[in-house]
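For reference, the structure is listed below as structure tokens.
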Amino acid sequence: MVRATRWAWRWRRNPLRRRTDALEAWIGVAAVALMLLTGTAVGWATGTLAHKALRETVREQQRHRHLVTATALRTLRSRPAGTEHEAAAEREGHLRVIARWPGPEGERLSGVVAVRDAADPGHRFRLWTDDQGRVAGRPMDRGTAAVHAVLAGAAAGAGGAGLVEGCRRIVVWRLTRQRYAEWDRSWRQAAHTWGRADAGS
């Protein structure tokens, strides 16, 4: 309520309103319009570009990643993970097993694989590999790509609007300093005539 009253006061004509008060009000209106326009434009452009790039990533991953059937050979005891991927898998509760799976040329490949469920020797499970037969993550789907693009657009739009708001705050800060300087000059002028009969004070 107080802020609304201050906002309305800046628009009313009255002897106490200074030029900087009206200017600050107009800057606020311009900033709101710019935040809406800039935030929407930046968010839309970023989201569109991100969606285009992510759709290409989806196509590439789906083209070069293949689902094969792997066979567990034995389970490894828990130990400090050697790679970031293995560390992340252990944090998510996966088990590490030595498994064997077919390569792209029909050869047999083996290595350490993280699985969610217990995998006794001989247990068969599905595994994503790349064109060289190396273990790879699940390829991104179109729904995930769309969600990431929307989040990127929203973040960019918020960043654009935040930049405008930051500029508005800097301008208002400078206007406030100018207003205080004017008040100081007015007080100094009033001090010279304070109490004089012919000054009307």
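One table, with the values for the structure above:
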{"item": "Label-point separation in nm, Leu36 to Arg77, each point 7 Å along Cα→Cβ", "result": "6.7 nm"}
{"item": "Built amide H within the under 5 Å cut-off of Gly111, gap 5+", "result": "Ala99"}
{"item": "Contour excess over end-to-end distance, with Cα ends at Arg134 and Gln178 and 0.36 nm allotted per residue", "result": "9.2 nm"}
{"item": "Distance between modelled label sites at Leu67 and Val112, nm, 7 Å Cα→Cβ extension", "result": "2.7 nm"}
{"item": "FRET E, pair Val147, Trp187, Förster distance 45 Å, beta-carbon r, rounded to 0.05", "result": "0.15"}
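Taken together, the values in this text are just the output of simple stated rules run on the coordinates, not laboratory data. Keep in mind it's a predicted model, so treat the numbers as computed, not measured. Here the Cβ is made from the backbone with ideal geometry for all residues, glycine too, and neighbour counts use every protein chain on show.
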